[in-house]
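None of the figures in this text is laboratory data; all of them are computed from the coordinates on show. On a predicted model such as this, the values are computed, not experimentally measured, just so you know. Cβ placement follows ideal geometry from the backbone for every residue including glycine, while neighbour counts extend to all protein chains displayed.
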Amino acid sequence: MEEKNDGKNRLVDFSMNNGSEKAFKAIGIVSLILPLSFLFILIIDTAADGIPRLNWNFLTSFPSRFPEKAGILSALVGSIYLIGLTAFIAIPLGIGAAIYLEEYARNNWFTSLIEINISNLAGVPSIIYGLLGLGLFVRFMGLGRSLIAGALTLSLLLLPMIIMAARESLKMVPLELREAAYALGADKWMVIRKVVLPLGLPGILTGIILSMARAIGETAPLITIGALTYVAFLPKSLTSPFTALPIQIFNWISRPQKGFHVNAAAGILVLLTVMLLMNALAIWLRMRLQKRNI
Amino acid sequence: MGKEMRKKLMAITWLAIIIMVGCRGSSERAGEKRPEELSGVILIDGSSTVFPITEAVAEEFQKKFPAVRVTVGISGTGGGFKKFYGRETDISNASRPIRDSEQKECEKKGIEFIELPVAFDGLAVVVNPQNDWCNWMSVKELKQLWEPEAQGKIMRWNQIRPDWPDEEIHLYGAGVDSGTYDYFTEAIVGKEHSSRGDYTASEDDNVLVQGISTDKYALGFFGLAYYEANRNKLKLVAIDDENPENGNGPILPTEETVANGTYQPLSRPIFIYVRKDSLETKPHVEEFVRFYIKMAPTLVKEVGYIPLPSHAYEMVMRKLENRVTGTAFSGSKVGLSIEELIGR
């Protein structure tokens with residue numbers, strides 16, 4: 001009897017475990033499929049509207065009052081300049097700050113204060129950065145509604161994210177490797193340059209990819225600092241007025257004529273492509289770096 | 001070593017600042033233009049309603065003067081005026097006349113401006129095409145429906161007219177930050193910026209079109225251009241202002257009735273405001289504004305608005321040439337004649 005009971009209990013336990021595991025698996029699959037299918041539907045819907053409009057003319061024309069003549073050139077070039085400039089400003093500053101905080105800063109209340117603030121800043125809504133950019137860069141520094149003001153604002157937005165990601169990956173570099181380097185007589189700067197940075201770089205790059213992808217889709221801070229809607233020329237200098245893809249798309253969407261809505265769909269596809277290309281480039285870079293490290 | 005790193009970081013920071021300042025300097029030098037060449041930047045911002053017209057003019061202007069760079073932003077009429085009196089723009093697009101408060105700001109900053117009406121826009125009151133009972137409404141009925149006191153009280157169609165169905169009425173309208181809302185409330189409720197709050201508001205008129213076209217018991221208002229682009233999905237409501245002087249009975253908005261002032265009170269003038277000092281110091285701004293008025297009759301129509309009568313554009317041009325500053329209004333005014341509108 002006892003044996004039988006035991007066996008039964010074990011059997012019941014086992015099947016219960018199995019059941020809850022199955023349920024967990026099911027929930028996991030559903031929570032994977034659900035957002036993906038939403039994304040898929042959105043992309044299919046946009047592609048159906050936008051693909052017929054996508055052609056060379058669309059990419060190389062300036063905005064126009066005729067939807068069929070209107071193109072996305074100034075917005076596309078504006079976005080590429082903007083993101084390039086933002087990367088140029090934010091990446092060195094972000095990595096530099098992370099290295100300082102991780103490797104050099106003493107562990108005192110001041111450092112923790114900075115750390116807390118950085119993680120808080122990462123959660124601040126982007127429009128707040130837009131307002132800061134408007135006050136600081138556009139008005140106070142007198143940069144106007146220019147490319148550089150936009151890039152500086154987006155850099156502020158990205159810095160906390162880049163710093164946090166970079167710090168996390170610097171932390172992951174094994175202590176043994178640092179100690180080994182020190183044992184060989186390397187000084188701190190050499191250890192950082194030859195050991196910590198190269199090993200941390202793939203992780204840092206991942207953080208940068210994610211933040212850049214966010215930046216290219218940002219609309220709110222750009223509208224706040226006054227990126228323009230109709231710009232039919234390409235930026236010639238850092239202080240040139242500019243427009244960007246999300247702003248052009250937003251404008252087309254809100255027009256009454258159907259033709260502009262099609263343009264907006266095509267614009268979304270262009271934006272998605274740019275984003276995918278950027279991510280692909282970064283992933284390729286990361287893989288190359290990882291290979292080199294091995 | 002910490003010091004060394006810090007030194008390098010400082011050097012990089014300074015380098016960045018120097019580059020930024022340097023770029024700023026060089027572009028300012030580039031901005032200094034010889035007048036005979038006509039080049040430079042024209043900064044325009046303001047209402048999204050006026051945007052399509054200004055965009056069209058800018059497009060044509062740049063074909064003729066490729067060295068002039070025109071930029072147009074959308075900050076709304078109020079936002080545009082803020083930039084205008086902050087000296088950030090040369091021209092402001094406005095779907096309502098300048099307010100007293102905005103005018104005072106201009107005075108305070110020593111900014112003189114010229115007010116130029118460029119087109120008419122009709123506000124359309126629309127219902128769902130399946131709505132077979134509501135073909136026209138009087139201004140009184142619209143007021144009864146939209147005034148602040150109606151909130152939570154006038155909720156069913158048969159409360160407006162007893163023979164209309166006993167069904168809930170669903171209201172859609174422009175968001176409270178738009179010039180469209182200001183004008184509608186002034187014209188219908190009688191007080192600018194005052195209406196019931198329990199309606200579906202959106203700054204994006206396409207959302208309103210979507211809502212009304214899928215809801216049999218909906219009623220809403222927005223710019224006529226949005227009706228024109230969605231004719232098959234909506235039904236227009238004729239408006240009776242009960243004033244026989246400008247046409248008897250309910251009148252539908254058409255190009256004719258908006259332009260000749262019989263579609264009252266829901267046809268409104270839309271404007272550009274030009275800074276006098278920009279006109280005088282930047283020849284390309286003056287050239288642009290002249291071009292604007294010259295091209296307006298054709299371009300206004302092309303982008304879905306209603307041009308002023310042709311003699312009105314002549315008057316507007318004269319106003320520009322004589323540099324008549326100031327406004328003919330204070331706040332949204334309803335039912336003005338062309339002469340009053342231009343202010344002579």
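Measuring r between the beta carbons of A:TYR182 and A:SER119 and using R0 = 25 Å, the FRET efficiency lands at 0.25. Remark: mean inter-chain Cβ contacts per residue of A:231-241 equal 6, using a 10 Å Cβ-Cβ cutoff to other protein chain atoms. Taking every alpha-carbon pair under 8 Å whose residues sit at least 6 apart, segment B:127-267 reaches a relative contact order of 30 percent.
With Rh defined as the Kirkwood radius, the inverse of the mean 1/r over Cα pairs, the Rg/Rh of the protein assembly as shown is 1.07.
Placing R0 at 25 angstrom, the Cβ-Cβ distance between B:ASN246 and B:GLU339 gives a FRET efficiency of 0.95 after rounding to 0.05.
Counting DSSP beta bridges with both partners in the protein assembly as shown, what percentage is antiparallel, nearest 5? That works out to approximately 60 percent antiparallel. Sorting A:184-192, B:161-169 by average packing, meaning the other beta carbons within 10 Å per residue, from highest down gives A:184-192, B:161-169. Taking Cα atoms only, the orientation of helix B:51-64 departs from the longest principal axis of chain B by about 40 degrees. Across chain B, the relative contact order, built from alpha-carbon pairs under 8 Å that are at least six residues apart, equals 24 percent. Counts of other chain beta carbons within 10 angstrom of each beta carbon in peptide A:223-229 average 5. Taken over segment A:57-293, the percentage of Cα pairs per 10 Å bin, counting from 0 up to the bin with the maximum distance, is 8, 28, 29, 20, 10, 4, 1, 0. Counting only other chain Cβ atoms within 10 Å of each residue's Cβ, the peptide A:160-169 averages 0.
The equivalent ellipsoid that matches the C-alpha gyration tensor of segment B:34-151 spans semi-axes of 37, 21, 10 angstrom, in descending order.
In order along segment B:84-98, the Karplus-derived 3J(HN,Hα) couplings, from 6.51 cos²θ - 1.76 cosθ + 1.60 at θ = phi - 60°, round to 5, 7, x, 6, 8, 10, 8, 10, 10, 7, 9, 9, 8, x, 5 Hz, and Gly and Pro are given as x.
Taking θ as phi - 60° and the Karplus parameters 6.51, -1.76 and 1.60, the scalar couplings of segment B:172-179 work out to 10, x, 5, x, 5, 8, 8, x Hz in sequence order, x denoting glycine and proline.
Sequentially through segment A:60-66, phi angles give Karplus couplings (6.51, -1.76, 1.60; θ = phi - 60°) of 10, 10, 8, x, 8, 6, 8 Hz, Gly and Pro residues having no value and appearing as x. Within chain A, the selection of entire DSSP H helices by a Cα span of 24 Å or greater along the long axis and an average Kyte-Doolittle value of at least 0.0 returns A:2-50, A:73-99, A:147-171, A:197-217, A:258-293. Pulled fully out, how much extra length does the chain show between A:ILE80 and A:ASN107, if you take 0.36 nm times their separation in residues and subtract their Cα-Cα distance? Once the chain is fully extended between A:ILE80 and A:ASN107, it gains 5.8 nm.
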